[in-house]
Amino acid sequence: MQAGQLSKYLKGGAIWGFIVFELIFFSVAGEFLSVSDKAFMDADNMLLLFKQSAPIGIIAMGMTIVMINGNIDLSVGAIYAIAAIVLLDSMTWPAFEGLGDMVIPVAWALALLSGVVLGAINGLIVWKTGVDAFIVTLGAMLGYRGLVFMYNGEQPTSHLNWTLVDFAEAQFLGLHTATWFLLAVTLAIWFLMTRTVHGRNAYAIGNNREAAVNAGIRVGPHMMINFMIIGFLAALSAIVFYSESGSVNPNDGELYELWVITAVVLGGTKLTGGAGSIISTFGGVVAIQLLRKGLAHLGADTSTVNLVIGLILIAVLFLDRQLNVKGKEELKV
Amino acid sequence: MSDPTPVLRLEGIVKTFPGVRALDGVSLTILPGEVHALMGENGAGKSTLMKVLGGIHQPDEGQIIVSEEPVVMSGPLDAKAKGIVFIHQELSLADELSVAENIYLGELPRKRFGLVDWAELEAKTNAILEKLKVGFNAKTRVGDLSIANQQMVEIARALTVDAKAVIFDEPTASLTDAEKIVLFEVIADLQAQGVGIAYISHRMEEIFKITDRISVLRDGQYQGTVNTADTNEEGVTQMMIGRKLDLSRNESHHELGNVALEVRDLSCGKLFQNVSFEVRRGEVVGFYGLVGAGRTEIAETLFGLRNPTGGTILLDGEVVSINSPYDAIEKGISLVPEDRKGQGLVLGMNCRDNMTLPQVDDLKAGPFVADGAEIAIFDLYRDKLDIRTPGWKQQVGNLSGGNQQKIVIGKWLSMHPNVLIVDEPTRGIDVGSKAEIHNLLRELAAQGYAVIVISSEMPEVLHVSDRIVAMYSGRITRTFTSEEVTEDNLIQAISGIGGDKVA
């Protein structure tokens, strides 16, 4: 039993070990290779890292529950772009003229609502048709992206509201607004998955759908709720990012789904569903951002960063498999 | 004494599927405090009846009556709410979740805002586990439990509600003898509380030990109900299959050839240690022991699915190393695995393709698969093994258990093995087909194959084996010839003479 516990512990803590390794590696390597004179483990640099991981991180929390549930959502990048457009464009609508800064909560609400509705559409199709979530959201990814282009052609949609920018750039207790959102979402989703009946049922459905059905759990509504949550979070992520930047390109958010899934898988969530942890996903998000920042710190360009992240993802999953094999007596299949 | 009100009554249930009349006017009455066995061959309609009762299928005709009130079952949870609880033979558990969450799956106790009431959940679960006398608690992860303990979790589910009737579907399939005793105590407990029990099993000795009445189905038709005390195994078998069953022991011996397989001090980690035995051509060697004694693991090691940590394997006197099933097949070892549907067959493929699966590489005409050669092989073994199927195009998933098993055996015979290992050859197979499989195994030995039979059923081991190897917790405790073996000394050998607890 002792050996089993060790490997369990290793598995649970692997992502944190990896983060520590990254920190040490980039600090040491940075001394010799860095193009800047600043240390890697600089406080400002680390705070910035959290802020930068927020857009991916917020969506990753939603992706974790969808994946634990045994589904996947590839349309988050497109939902992210649509929510961003709704957010920025609605502030210029004549209907809201004269609201002053009160337009901000209205625009936020509209953006979040569009995210929830788009997620609900995904969820409803998966529920009612029984088509695999991979296919449904693959279609949604293309379709929603089409909506983005229909809205404003190839043109970016821009609107800067300085109150909003001030809010987004604010720091409270040293942490940026975006970081606070990421932490709040992580905590809320963690609570949802560990403490509520919905969360536990989501685990059960992903782990053994037949057993869940036999136990009278209504699988469809649970899946739909989770798709609505990830839609909401994709929109929230857009709010956090575009409140500050104020301009959205129709291509924004592309490949976000893959970054998000990478972070979730790195955090140890099973692709087949049933197992995974919100806290570890948080670790996965931080690990990826560290890697990006660290490699940039060493002067590597984006293409190198992508190559390295890809290799590390495969290496991590390979290691995970090795840790899961109990020893020589294990059945070979 | 006036007749008590039946807790559950089925009246004239008819259920047809396209082309099949699966249930044809079945009636069944379960009284409070009785254990009512439901028996029938595979395909007789027991599972369909249970599905109708559980609301998974709606009956075309007839009524379900719970406590004298006609009801319509809309699903398993509805049935549970009405006091009808099912314990399935096949495990229906989420192995990443805790024991408590599994037992209360779908009905976790809530506090406000949809929060799980963990304290109550744990207390309730531990109270149930106490009754079952199991060695794990509410927080254990189900995936860490043995199969037998997982079965106990499944059983624990029945105890969460005030059940009127509990339906056990082959509950002992993976339980050890000690756990069976606990299960029977639980059943007796439920009985004493006035719960009606329906008990589906193929195991006669259990049926006669614990049930009060027996109802028999054959081909979807109700054959009648008898008091257990008024009948015997033979009578019930006759009701089930319409003929007598051969229950005698193996006394014939074939002429033995040379040693086909010898194993010396084979070990594999904690699974089994220092196992030595030999099998001659023309001989059937039975491996008997409790679940978890290491029998299946030995078979898997011989078939290259596990790497041994020590010892040697000799085939025809030559030391060999077997690293993969490919190696094993090449060297003439075949394994008919324990889980027929999961490991032995590709259920969605047809009979012929399943049978020629391991050699389809060699059956080529140019770059294409040689259709004719495949059909020829299938026809040959269909006739040899008497496989009853409408044709080779039939999907294997649609065949009965006995015929499925024959397809698996045929698959390996067509590879011309020297050693045939058969793991639980008749699990989930009805009485009539069982006897056929047993005869088949004897015949194969007569034809010069070396046969290893692994089984958890004592009558089976006694019936087919020339020699019996008894195992206890990863070690061979004793080897018997079929003359010296008795039920008593065999049970002693497999339960560890020292009286240690069974793992």
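The values are calculated or read from the model by the stated rules, or taken from the named source; none is laboratory data. Keep in mind that this is a model prediction, so the values were computed, not measured. In this analysis, Cβ positions are derived from the backbone assuming ideal geometry, glycine residues included, and neighbour counts consider all displayed protein chains.
Might you let me know whether region B:329-337 holds any residue that is in contact with a Leu (Cβ under 9 Å, 6 or more places away or on another chain), assigned to a loop (DSSP other than H, G, I, E, B) and within 10 Å of chain A (Cβ to nearest Cβ)? No, the conditions are met nowhere in region B:329-337.
Answer with yes or no whether residue A:153 is out of contact with any His (no Cβ under 6 Å at 6 or more places or on another chain), away from chain B (no Cβ under 14 Å) and of a type in the set (Gly, Ala, Ser).
yes
Can you tell me which residues in region A:268-294 are buried (at least 22 other Cβ atoms within 10 Å of the Cβ), among the β-branched types (Val, Ile, Thr) and not in a loop (DSSP other than H, G, I, E, B)? A:278, A:281, A:285, A:286, A:288, listed by residue number.
Within region B:121-134, is even one residue touching a Lys or Arg at 6+ places or on another chain (Cβ under 6 Å) and either surrounded by fewer than 16 Cβ atoms within 10 Å (Cβ to Cβ) or closer than 29 Å to residue A:207 by Cα (or both)?
no
In this structure, is residue A:216 of a type outside the set (A, V, I, L, M, F, W, C), within 14 Å of chain B (Cβ to nearest Cβ) and not in a helix (DSSP H, G or I)? Yes: the conditions hold for residue A:216.
Being in contact (Cβ under 8 Å) with a residue 24 or more places away in the chain, among the acidic types (Asp, Glu) and surrounded by fewer than 23 Cβ atoms within 10 Å (Cβ to Cβ) is the filter here, so list the residues in region A:68-99 that pass it.
Quick first cut of region A:68-99, residues in contact (Cβ under 8 Å) with a residue 24 or more places away in the chain only: A:68-89, A:91-92.
Still in the running and among the acidic types (Asp, Glu): A:73, A:89.
The one that is in contact (Cβ under 8 Å) with a residue 24 or more places away in the chain, among the acidic types (Asp, Glu) and surrounded by fewer than 23 Cβ atoms within 10 Å (Cβ to Cβ): A:89.
When the residues of region A:188-205 are filtered to those that are within 13 Å of chain B (Cβ to nearest Cβ), of a type outside the set (A, V, I, L, M) and part of a helix (DSSP H, G or I), the one that is farthest from residue B:106 (Cα to Cα) is A:191.
Within region B:88-116, restricting attention to residues that are outside any loop (DSSP other than H, G, I, E, B) and more than 9 Å from chain A (Cβ to nearest Cβ), the residue that is nearest to residue A:206 (Cα to Cα) is B:98.
Table: residues versus (1) at pLDDT below 85; (2) in a loop (DSSP other than H, G, I, E, B); (3) over 20 Å from the mean Cα position of the chain (by Cα); (4) closer than 19 Å to residue B:449 by Cα.
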| site | (1), (2), (3), (4) |
| --- | --- |
| B:342 | yes, no, no, no |
| B:348 | yes, yes, yes, no |
| B:361 | yes, yes, yes, no |
| B:376 | no, no, yes, no |
| B:387 | yes, yes, yes, no |
| B:392 | yes, yes, yes, no |
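Hey, does region A:3-16 have a residue that's surrounded by 17 or more Cβ atoms within 10 Å (Cβ to Cβ), at pLDDT below 85 and within 13 Å of residue A:280 (Cα to Cα)? Checking region A:3-16: at least one residue is surrounded by 17 or more Cβ atoms within 10 Å (Cβ to Cβ), at pLDDT below 85 and within 13 Å of residue A:280 (Cα to Cα).
If you go through region B:254-282 one residue at a time, how many are surrounded by fewer than 23 Cβ atoms within 10 Å (Cβ to Cβ) and more than 14 Å from chain A (Cβ to nearest Cβ)? Residues meeting the conditions: 17. Against the numbered list (1) more than 10 Å from every other protein chain (Cβ to nearest Cβ); (2) surrounded by fewer than 20 Cβ atoms within 10 Å (Cβ to Cβ); (3) assigned to a loop (DSSP other than H, G, I, E, B), residue B:73 comes up short only at (2).
Among the conditions (1) at the interface with chain A (Cβ under 9 Å from one of its Cβ atoms); (2) part of a loop (DSSP other than H, G, I, E, B); (3) of a type outside the set (S, T, N, Q), the only one that residue B:78 does not satisfy is (2).
Given the criteria in contact (Cβ under 8 Å) with a residue 60 or more places away in the chain and within 14 Å of chain A (Cβ to nearest Cβ), does residue B:85 qualify? Answer is yes for this residue. Is it the case, given these coordinates, that residue A:134 is of a type in the set (Phe, Trp, Tyr) and farther than 22 Å from residue A:62 by Cβ? Answer is no for this residue. Of all residues in region A:240-267, count the ones that are outside any strand (DSSP E or B) and either more than 14 Å from the chain's Cα centre (by Cα) or free of Cβ contacts under 8 Å to residues at least 60 places away in the same chain (or both). Number satisfying all stated conditions: 12. Whether a residue is part of a helix (DSSP H, G or I), among the hydroxyl-bearing types (Ser, Thr, Tyr) and surrounded by 21 or more Cβ atoms within 10 Å (Cβ to Cβ) was assessed, and residue A:304 does not pass this test.
Of the residues that make up region B:292-305, is at least one in a strand (DSSP E or B) and either modelled with pLDDT of 90 or more or within 14 Å of chain A (Cβ to nearest Cβ) (or both)? Looking through region B:292-305, none of the residues is in a strand (DSSP E or B) and either modelled with pLDDT of 90 or more or within 14 Å of chain A (Cβ to nearest Cβ) (or both).
The C-beta contact set for region A:131-145 (first residue within 21 Å of residue A:272 (Cβ to Cβ), second residue among the acidic types (Asp, Glu) and crowded, with 20+ Cβ neighbours inside 10 Å, distance under 6 angstrom, 6+ apart or interchain) comprises A:137/A:73. Filtered by the rule that a residue be closer than 17 Å to residue B:34 by Cβ and either of a type in the set (Gly, Ala, Ser) or free of Cβ contacts under 8 Å to residues at least 60 places away in the same chain (or both), region B:152-182 gives B:158, B:163, B:165. Checking each residue in region A:78-105 for being of a type outside the set (D, E, K, R), in a helix (DSSP H, G or I) and within 28 Å of residue A:142 (Cα to Cα) picks out A:78, A:79, A:80, A:81, A:82, A:83, A:84, A:85, A:86, A:87, A:88, A:90.
Taken together, the criteria place residue B:45 among residues that are on the phi > 0 side of the Ramachandran plot, more than 11 Å from every other protein chain (Cβ to nearest Cβ) and under 19 Å from the mean Cα position of the chain (by Cα). Which of the residues belonging to region B:412-435 are in a strand (DSSP E or B) and under 15 Å from the mean Cα position of the chain (by Cα)? Result: B:422, B:423.
Residues in region A:38-65 that are touching a residue at least 60 places away in the same chain (Cβ under 8 Å) and part of a loop (DSSP other than H, G, I, E, B): A:40 only. Taking (1) more than 10 Å from every other protein chain (Cβ to nearest Cβ); (2) part of a helix (DSSP H, G or I); (3) out of contact with any Pro (no Cβ under 9 Å at 6 or more places or on another chain); (4) surrounded by fewer than 23 Cβ atoms within 10 Å (Cβ to Cβ) in turn, residue B:153 satisfies each apart from (4). Starting from residues that are buried (at least 16 other Cβ atoms within 10 Å of the Cβ) and under 19 Å from residue B:464 (Cβ atoms), keep the ones in region B:235-252 and report whichever is modelled with the highest pLDDT. Of everything passing the filter in region B:235-252, B:237 is modelled with the highest pLDDT. The set of residues from region A:176-187 being in a helix (DSSP H, G or I) and in contact (Cβ under 8 Å) with a residue 24 or more places away in the chain comprises A:177, A:178, A:179, A:181, A:182, A:185, A:186.
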